[in-house]
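Right, one structure below, let's go through it.
The values are calculated or read from the model by the stated rules, or taken from the named source; none is laboratory data. Nothing here was measured: the structure is a model prediction, and the numbers come from that model. Cβ atoms come from the backbone with ideal geometry, glycine included; neighbour counts cover every protein chain shown. Accessible surface areas use protein heavy atoms only, side chains included; no ligands, DNA or RNA. Shrake-Rupley method; radii C 1.70, N 1.55, O 1.52, S 1.80 Å.
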Amino acid sequence: MITIQNLTKKYNGQIALDQLNLKVNKGEIYCLLGANGAGKTTTINLLLGFIEPTSGSALINNLNVFEKAKETKKFLAYIPENLMLYPSLTAIENLDYFSGIAGKRLSKESLISFLKEAGLQENAFENRITAFSKGMRQKVGIAIALAKDARVLLLDEPTSGLDPKASNEFGQLLHNLSQKGVATLMATHDLFRAKEVATHIGIMKDGQLKEEFIASDISLHGLEKTYLSTMNYKEVEL
């Protein structure tokens, strides 16, 4: 569902992404780890078509993102670190609005069913977003992805600032989407959550994919040790 081939992005001669090659198949959850400036967000923005590459290609469902921008967006849902919803609208109203933009005209019963599936508590459906926690807003984002029938989910630090319970719930929602065949690419700093939810893990540095694993093949300690080594950080003995 996601194919990246030799993707490169330069800003004023400075390399932000350096010949990245990466694939995410149906039902896979690929977590990109790396420090700020590693190229994670640049990768997400290129897949969204927000910026154009210097060279290389990115495909969503075998369609070139930069040649078929409108078509590829039909398959995508995007949840950034701070999801932008309309604060004066309720959860149901936001879901109705954003699914309408995607060309989906849904009954109130359908909207409610997607909010339930996303794990939002029922007593919040008619509440304005302005009163929602970040975890609750992220669940509305998942409901939008469900309503849109997105086949690819792009996430940029979605668990940043979530408490452990909300982060765990978000991880379970990703697993549920994986069971539906959704391909997920998540940029994150959270090694623990990456190990918990991912099927595949990549470590980026200086715009390059330095390490890549099948998540089940590496322990959390092994992942942490490899990450610290890749970043040239010293491991602290506890």
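Per-structure values
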item: For the stretch 6-23, Karplus couplings with θ = phi - 60° (6.51, -1.76, 1.60), whole Hz, Gly/Pro x; result: 6, 6, 10, 9, 10, 10, 6, x, 8, 7, 9, 9, 10, 6, 6, 10, 7, 9
item: Simple spin-label estimate for Glu224 and Glu122 in nanometres, 7 Å along Cα-Cβ; result: 4.1
item: Those lysines that a straight Cα-Cα span of less than 24 Å connects to Lys210, excepting residues fewer than 8 apart in one chain; result: Lys9, Lys10, Lys23, Lys26, Lys40, Lys195, Lys225, Lys234
item: Cα-centre dipole for the chain with unit charges at Cβ (Lys and Arg positive, Asp and Glu negative), debye to 20; result: 580
item: Carbon + sulfur, % of accessible area of the stretch 85-149 - ligands and nucleic acids excluded, 1.4 Å; result: 48
item: Where a label projected 7 Å from the Cα of Ser55 along Cα→Cβ would reach, residues of the stretch 18-43 with amide N under 19 Å; result: 18-22, 43
item: For the stretch 107-238: accessible area per residue (Å², 1.4 Å); result: 49
item: Relative contact order of the chain, pairs being alpha-carbon contacts under 8 Å that are 6 or more residues apart, as %; result: 28
item: In nm, spacing of pseudo-spin labels at Tyr86 and Ile214 (7 Å Cα→C-beta vector); result: 4.7
item: FRET efficiency, Lys68 to Phe192 (Cβ-Cβ, R0 45 Å, nearest 0.05); result: 0.75
item: Structure-derived Cα Rg over 2.2 N^0.38 Å - corresponding label in [x] 0.97; [y] 1.02; [z] 1.16; result: [y]
item: Debye, to nearest 20: dipole size of the stretch 28-78, +1 on Lys, Arg Cβ, -1 on Asp, Glu Cβ; result: 140
